[in-house]
Amino acid sequence: NRPRAKIAHVYRGTFMHSTQDTTLEIIEDALLGVDTVGKIAFIGKGSEQDKLSQTFRFSSSNVTQLKQHEFFMPGMVDTHIHAPQYSYTGTAMDLPLLQWLNTYTFPVESRFKDLKFAHRVYTEVVKRTLKNGTTTACYFATIHTDASLLLGKIANDFGQRAFVGKVCMDRNKSDYKETTQECQKETCRFIAELLNKKYPLVKPVVTPRFAPSCTGDLLGQLGAIARKNNLHIQSHISENVDEVKLVKELFPESKSYTDVYHKYNLLTDKTVMAHGCHLTDEELTLFSETGASLSHCPNSNISLCSGLLNVRNVLKHKVKLGLGTDVAGGYSASMLDAVRRTLDTSKVLTIQNPKHQALTFDEVFRLATLGGSQALFLDDQTGNFEVGKDFDALRVNVAPPGGPIDLILCDKPKIQLEKFLNLGDDRNIVEVFVAGRKVVPFMEPAAE
Ligand code: GUN
Ligand code: ZN
């Protein structure tokens with residue numbers, strides 16, 4: 001019987017979220033209390049405010065009443081985003097993956113040795129994603145340890161929940177790489193220094209770029225580091241057919257692309273692999289058995305003509321799946337775009353095969369919130385409004401002045417959510433909360 005933390009804030013209005021058993025639960029006139037450590041202390045009926053205020057000891061002056069056409073939804077989880085690539089979002093989408101990496105990506109990422117440039121880009125990407133409702137982001141940085149640490153600091157300063165990966169690659173045509181030993185040493189330094197900062201919401205993630213840019217030696221060492229420190233792992237898999245072919249040539253002893261990562265202990269229940277467009281059913285089964293998850297990045301898959309992931313089939317194999325923007329293979333940093341492209345991709349699969357059952361908007365809402373939390377092994381902490389979880393939430397106003405949504409036939413919460421997901425943007429996201437703290441509108445970080 002631990003004493004309850006005190007209630008810091010109470011919100012009254014419509015809440016929409018997904019649960020273990022539902023894609024969409026709508027709770028109208030709910031009352032939700034957040035305690036002083038940012039956790040959800042209770043969620044009950046607005047009509048029971050008097051009773052709840054006695055049990056949880058808050059006064060009516062603590063209660064914030066949502067306005068008409070407003071609702072709360074869980075913060076969105078971007079399970080795959082390249083922070084340095086934000087600098088060229090919206091350009092350079094005219095080449096397939098392997099040429100795209102050599103022509104555009106590696107030269108730009110090389111510039112992040114310059115901490116001033118890194119500071120500028122990383123500040124903008126954290127602000128942009130937060131404003132667009134990304135409360136948790138799983139970031140790739142670059143091979144540069146100090147710039148990667150800076151990304152961790154900036155996410156912490158703005159109050160975003162984040163995984164940050166110093167990218168490892170010891171195999172590349174250009175100079176944008178390290179030796180195997182440097183990768184190993186710098187990854188250990190990155191982990192130690194980031195953990196040492198004790199940022200409450202920012203964690204290191206072990207990040208082999210992808211099998212083609214890593215030797216087996218490096219993959220093995222990174223698998224061992226992740227296991228020893230019980231860390232998350234992120235990489236790319238089976239995004240593009242030429243890439244899959246290259247992996248077969250580079251790792252002839254492995255049965256499949258998935259098998260390469262499995263062999264080096266890189267598939268765990270804290271692993272998130274981006275794309276997976278061309279995975280076989282056998283490989284999906286290996287994902288399911290190891291508890292590894294997939295990040296579906298539809299904008300990138302279309303922009304780079306990589307492939308179309310069959311999300312229905314992934315879910316059928318009981319593989320955890322979240323959504324990602326994959327900036328800048330994907331040209332939008334907004335998770336709302338990832339929601340829309342996920343729906344589009346699913347509909348294209350139905351056009352190709354009418355037996356394919358397209359995803360519904362509430363299924364995709366779940367993937368963008370609870371699904372992402374599950375994929376990042378965070379669903380004991382975030383993803384919905386269950387009591388005991390952190391309050392990571394968006395206060396959405398469907399009708400801000402001059403906003404993108406017409407209110408015609410827009411009274412019911414479910415319709416409001418559907419219109420927001422399909423038509424909304426950052427103008428509709430009036431407040432963003434991470435672990436109970438209001439992070440949008442921005443708290444500007446303290447001056448250096
Ligand atoms: N595979 C290896 N690196 C990358 C990257 O930066 N972006 C994408 N989309 N795929 C990759
Ligand atoms: Zn990527």
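Assorted remarks:
- Any hit, the range 226-237, residues being touching a residue at least 60 places away in the same chain (Cβ under 8 Å) and either surrounded by fewer than 21 Cβ atoms within 10 Å (Cβ to Cβ) or not in a helix (DSSP H, G or I) (or both): yes
- Residue in the range 48-68 that is most open to solvent (accessible area, probe 1.4 Å), counting only those that are of a type in the set (Lys, Arg) and over 33 Å from the mean Cα position of the chain (by Cα): Arg57
- Residue in the range 30-52 that is among the acidic types (Asp, Glu), without any contact (Cβ under 8 Å) to a residue 40 or more places away in the chain and more than 30 Å from Ser300 (Cβ to Cβ) present: yes
- Looking only at the range 394-436, residues that are free of Cβ contacts under 8 Å to residues at least 60 places away in the same chain, assigned to a loop (DSSP other than H, G, I, E, B) and open to solvent by 50 Å² or more (accessible area, probe 1.4 Å) come to 7 in all.
- Qualifying residue in the range 88-109 (condition: in contact (Cβ under 8 Å) with a residue 60 or more places away in the chain, within 19 Å of Val430 (Cα to Cα) and more than 11 Å from ligand 1 (Cβ to nearest atom)): no
- Some residue of the range 10-24 being aliphatic (A, V, I, L, M), modelled with pLDDT of 95 or more, open to solvent by 10 Å² or more (accessible area, probe 1.4 Å) and closer than 22 Å to Gly372 by Cα: yes
- Selected residue (criterion: nearest to the chain's Cα centre (by Cα)) from residues of the range 288-320 that are within 13 Å of ligand 1 (Cβ to nearest atom) and among the hydroxyl-bearing types (Ser, Thr, Tyr): Ser295
- Of the residues making up the range 284-308, just one is within 15 Å of ligand 2 (Cβ to nearest atom), open to solvent by 10 Å² or more (accessible area, probe 1.4 Å) and among the aliphatic types (A, V, I, L, M), namely Ile302.
- Matching option when the condition is touching a helix residue (DSSP H, G or I) at 6+ places or on another chain (Cβ under 7 Å), within 30 Å of Phe391 (Cβ to Cβ) and either more than 12 Å from ligand 1 (Cβ to nearest atom) or open to solvent by 30 Å² or more (accessible area, probe 1.4 Å) (or both), among His119, His144: His119
- Any helices (runs of 4 or more DSSP H) falling wholly within the range 265-365 and containing at least 2 residues that are at pLDDT 95 or above and more than 26 Å from Pro74 (Cα to Cα): 281-290, 298-303, 335-352
- Residues that are open to solvent by 30 Å² or more (accessible area, probe 1.4 Å) and on the phi < 0 side of the Ramachandran plot, drawn from the range 257-269: Asp259, His262, Lys263, Tyr264, Thr268, Asp269
- Residues in the range 260-295 that are within 19 Å of Ile225 (Cα to Cα) and charged (D, E, K, R): Lys263, Asp269, Lys270.
- In the range 74-81 there is at least one residue that is crowded, with 22+ Cβ neighbours inside 10 Å, touching a helix residue (DSSP H, G or I) at 6+ places or on another chain (Cβ under 6 Å) and among the hydrophobic types (A, V, I, L, M, F, W, C).
- Annotation: of all residues in the range 92-102 being part of a helix (DSSP H, G or I) and touching a helix residue (DSSP H, G or I) at 6+ places or on another chain (Cβ under 7 Å), the one that is most open to solvent (accessible area, probe 1.4 Å) is Leu98.
- In the range 171-205, residue nearest to ligand 2 (Cβ to nearest atom) [restricted to those that are touching a residue at least 60 places away in the same chain (Cβ under 8 Å) and either touching a strand residue (DSSP E or B) at 6+ places or on another chain (Cβ under 7 Å) or among the aromatic types (Phe, Trp, Tyr) (or both)]: Val205
- Residues of the range 85-105 satisfying the condition of being among the polar types (S, T, N, Q) and touching a strand residue (DSSP E or B) at 6+ places or on another chain (Cβ under 9 Å): Gln85, Thr89, Thr105
- Meets criteria (β-branched (Val, Ile, Thr), within 16 Å of ligand 2 (Cβ to nearest atom) and open to solvent by 10 Å² or more (accessible area, probe 1.4 Å)) for Thr89: yes
- Checked against the criterion of being of a type outside the set (A, V, I, L, M) and at positive phi, the candidates Gly372, Gly403, Gly383 yield just one match: Gly383.
- Yes/no for Ala338 being in contact with a Pro (Cβ under 8 Å, 6 or more places away or on another chain) and open to solvent by less than 60 Å² (accessible area, probe 1.4 Å): yes
- Tyr86 of a type in the set (Phe, Trp, Tyr), touching a Phe, Trp or Tyr at 6+ places or on another chain (Cβ under 7 Å) and at pLDDT 95 or above: no
- Restricting Glu178, Glu182, Glu193, Glu243 to residues that are among the acidic types (Asp, Glu) and in contact with a Pro (Cβ under 7 Å, 6 or more places away or on another chain) narrows the list to Glu243.
The values are calculated or read from the model by the stated rules, or taken from the named source; none is laboratory data. Note that the coordinates shown come from a computational prediction; the quantities given were computed from them, not determined experimentally. FYI the Cβ positions are ideal-geometry reconstructions off the backbone, even for glycines, and counts take in every protein chain you see. SASA here: full protein model, heavy atoms, side chains in, ligands and nucleic acids out. Shrake-Rupley method; radii C 1.70, N 1.55, O 1.52, S 1.80 Å.
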